[in-house]
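Everything below concerns the one structure shown next.
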Amino acid sequence: FFNFFKENFSYKKNFLKSLKKVDKKIFISLGVIVFTIFSYFLTPLFYDKIKIKNQLETQILNQYNLKVKFEKHLKYGLLPKPHFYSNNTLIKFENKDVASSKKTKIFISMKNLFSSNYIVIKNLSFKQTNFKIRNPDFKFFIDLLNNSKSDQSIDFANSKFFYLDKNEDIVFLIDFKSLYYSYQEKFLNNMKSKLKIFDIPITLKISNNFLNKNLFTEINSYPLRLKVQNNLNYNDKKLKGQLNFQLINN
């Protein structure tokens with residue numbers, strides 16, 4: 001009986017020792033994997049700040065047809081996705097400052113982070129942006145909608161739009177909860193916006209189909225009981241389309 005107990009106890013003791021060794025190997029392996037992953041994602045911290053700043057400004061211009069200037073050095077953030085961010089960004093159009101953004105995030109691809117020369121921009125996010133627009137500057141928004149070089153998105157959130165006259169006086173103000181450009185498919189660009197003008201909430205949707213040369217616009221305002229849909233074809237020199245206008249369901 002005692003020999004049986006001794007043999008089984010020794011077996012259990014040896015088994016526990018082996019189990020501890022395996023646990024240590026698993027712990028060390030997991031530690032190495034976690035350290036390697038974090039090191040990979042934290043690599044952009046060691047990029048040349050001036051070089052990456054110039055590179056991102058150039059890439060945004062080429063990819064989105066959007067000219068920006070980062071007034072301060074870019075910082076790097078890991079969550080929720082790898083991105084660079086700036087607390088002061090100027091947006092230019094035809095050599096003029098048309099907007100300034102307090103919070104800008106440039107989300108980047110998780111591939112090729114080891115080399116700053118292969119950084120790929122995924123999406124752009126601008127928050128608390130103040131637009132100062134005169135009549136000729138409306139082409140800025142049209143150019144973003146006509147962009148055919150990108151398949152990503154641009155988001156302007158919690159922003160303000162100041163429309164100025166020739167004397168730089170404010171004619172009216174628009175509060176943008178969101179102004180979202182998405183380039184989801186080839187030859188199709190979308191723009192969606194939730195805004196307030198004269199404290200009246202309005203939703204705006206625009207789709208531009210390059211292939212069929214068709215522009216669809218929809219405006220909705222629940223307080224005004226207003227709905228406007230405009231379907232426009234610009235394939236020929238003469239514009240053709242249909243306008244549906246509903247006010248209080250009539």
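Charges were assigned to the Cβ only: +1 to each Lys and Arg, -1 to each Asp and Glu. The resulting dipole of region 123-202 about its Cα centre is roughly 120 debye.
The slack between VAL120 and TYR180, meaning 0.36 nm per residue of separation minus the straight C-alpha distance, is 19.6 nm. Across the alpha-carbon atoms of region 50-132, the computed radius of gyration and Dmax are 12.3, 39 angstrom.
Extension gain, TYR234 to LEU79, is 51.5 nm, computed as 0.36 nm per intervening residue step minus the present C-alpha separation. Placing one equal scatterer on every Cα of region 104-250 and applying the Debye formula, the log10 ratio I(q)/I(0) at q = 0.12, 0.19 Å⁻¹ is -0.63, -1.29. Close amide H partners of LYS122, meaning residues 5 or more places away or on another chain with modelled amide H under 5 Å apart, are PHE107, ILE108, SER109.
Ranked by solvent-accessible area (1.4 Å probe, protein heavy atoms only, all chains present), the residues TYR163, TYR234, TYR47, TYR64 order from largest to smallest as TYR234, TYR163, TYR47, TYR64. Pairs exceeding a 20 Å alpha-carbon distance, out of LYS92/LYS160; LYS75/LYS194; LYS67/LYS205; LYS53/LYS192: LYS75/LYS194; LYS67/LYS205; LYS53/LYS192. In plain terms, the chain from GLN242 to LEU173 could stretch by 21.9 nm, reckoned as 0.36 nm per residue minus the Cα-Cα distance. Using the Cβ-Cβ distance between SER109 and LEU211 with R0 set to 35 Å, the FRET efficiency from 1/(1 + (r/R0)^6) comes to roughly 0.85.
Between ARG225 and GLN152, the simple label model (points 7 Å from Cα in the Cβ direction) yields a spacing of 4.5 nm.
The values are calculated or read from the model by the stated rules, or taken from the named source; none is laboratory data. Computed from a predicted structure; not experimentally measured. Using ideal geometry, Cβ is built from the backbone for each residue, glycine included, and neighbour counts are taken over all protein chains shown. The accessibility values were calculated without ligands, DNA or RNA, using every heavy atom of the protein model including side chains. Shrake-Rupley method; radii C 1.70, N 1.55, O 1.52, S 1.80 Å.
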